[in-house]
Amino acid sequence: GSWYNSVDEHRQRVQKQLQQTPSLKSYLKTALETAYIDGRRLAIKEGKRAQFGVRIPNQEEYSQICPFSIEQILDEDFYG
């Protein structure tokens with residue numbers, strides 16, 4: 001599947017968890033910060049292995065902090 005499907009699936013999982021346990025909302029900022037660090041590391045690693053025929057960003061080009069708001073991340077129509 002496409003990465004869009006993966007984004008959609010994980011958004012749905014987060015939304016479902018937030019509906020089932022509203023108190024989790026208070027942890028979103030911390031969870032996002034932690035997840036972004038891990039995701040950034042994985043994106044850099046994957047980029048080094050990629051053979052797309054397009055320019056792969058240098059490690060320094062990946063933002064140190066998440067450039068998207070929680071609202072954007074949870075917006076089902078937002079893909080950066």
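With each run of n ≥ 4 DSSP H residues scored as -39500 (n - 2.57), what mean residue ellipticity at 222 nm is computed for the chain after dividing by its residue count and rounding to the nearest 500 deg cm²/dmol?
-18500 deg cm²/dmol
Which value in nm describes the separation of the simple spin-label points at LEU28 and TYR4, placed 7 Å from the Cα toward the beta carbon?
The answer from the label model is 2.4 nm.
Return the single residue from TYR62, TYR27, TYR36 with maximal mean-square fluctuation; model: Gaussian network over the chain, springs between Cα atoms under 10 Å.
TYR27
In straight Cα distance, which lysines are under 17 Å from LYS25, not counting same-chain residues fewer than 8 positions off?
Partners within reach: LYS16.
For the chain, give the magnitude of the charge dipole about the Cα centre (Cβ charges: +1 Lys/Arg, -1 Asp/Glu; no others), in debye to the nearest 20.
The calculation lands at about 320 debye.
Among LEU42, GLN64, TYR27, which residue has its Cα furthest toward the positive end of the charge dipole of region 3-74, with +1 on Lys/Arg Cβ and -1 on Asp/Glu Cβ?
Working it through, the farthest residue towards the positive pole turns out to be LEU42.
Between helix 3-20 and the chain, what is the angle of the helix's C-alpha long axis to the longest principal axis, kept within 0 to 90° and rounded to the nearest 10?
For helix 3-20, the angle is close to 20 degrees.
Bear in mind these aren't lab numbers, they're just calculated from the coordinates by the rules spelled out. These figures come from a predicted structure and were not determined experimentally. Neighbour counts are summed over all protein chains in view; Cβ atoms, including those assigned to glycine, are modelled from backbone coordinates with ideal geometry.
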